[in-house]
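The numbers here are math on the coordinates, done by the rules we state, and not lab data. Just so it is clear, the structure is predicted and the values come from calculations on it, not from any experiment. All Cβ positions, even for glycine, are placed from backbone atoms using ideal geometry, and neighbour counts span all protein chains on display.
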Amino acid sequence: MTEERVPQGSERELLESEISADLRALTAVSEQLGHVFARANELRPTDFRALMHIATADIEGNPVTAGRLATLLGISTAAVTYLVERMIESGHIRRDTDAADRRKVLLRYADHGMDVARGFFTPLGTRTRAAMAALPDEDLAAAHRVFSTLIDSMRTHFDELTRR
């Protein structure tokens, strides 16, 4: 009795392709929301991207410097200086001195910026939690592992590309 064999990896390759497509769709809709947020708050698209990098780095416990932000945004240090000054003046971000190295200046969300972000994104958070309510914790844990793996892979690739 011989079993019909499915080529190894075909189901996995399909799942990986579907996850890649999902990631692109998530990125696209996130960008759309970012543009709406930016327009609603009289920000430039690059300002919103900067806010996302600053917030993400802060949440991960690794706040960014202006130099790192310039790299993440793909802009010159002069352009990031202008962006940072504008964002500080508008109350969206602030500069903090690094407690471990007083020479290092870190960029963080300011209270006004957090209030603006909460006002816009809290309804999305509520909608997202409601959408995921029926999913079992095991599915959420698996999704988190997948996202973490993808983010690490993409960051490593970005770092390699920008070291040149």
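In this Cβ point-charge picture (+1 for Lys and Arg, -1 for Asp and Glu), the chain has a dipole of about 860 debye about its Cα centre.
Over every Cα atom in the chain, the radius of gyration and the widest Cα-Cα span, Dmax, amount to 19.8, 76 Å.
Model label points for Met114 and Ser20, set 7 angstrom from Cα along the Cα-to-Cβ axis, are 4.0 nm apart.
When you count the other C-beta atoms within 10 angstrom of each residue and take the mean per peptide, 148-159, 80-91 line up highest first as 80-91, 148-159. Counted residue by residue at 0.36 nm each, then reduced by the alpha carbon distance between them, the extension gain from Glu160 to Gln32 reaches 43.3 nm. Inter-label distance, Leu150 to Ala66: 3.5 nm, where each label sits 7 Å from its Cα along the C-beta direction.
Look at the dipole of the range 66-164 built from charges on Cβ: of Ala133, Gly67, Ala110, the Cα furthest out on the positive end belongs to Gly67.
One chain, two ends: Asp58 and Asp98. Fully extended at 0.36 nm per residue, the span grows by 13.2 nm beyond their Cα-Cα distance. The packing ranking, built from the mean of other Cβ atoms within 10 Å per residue, places the peptides 111-118, 51-58 in the order 51-58, 111-118, highest first.
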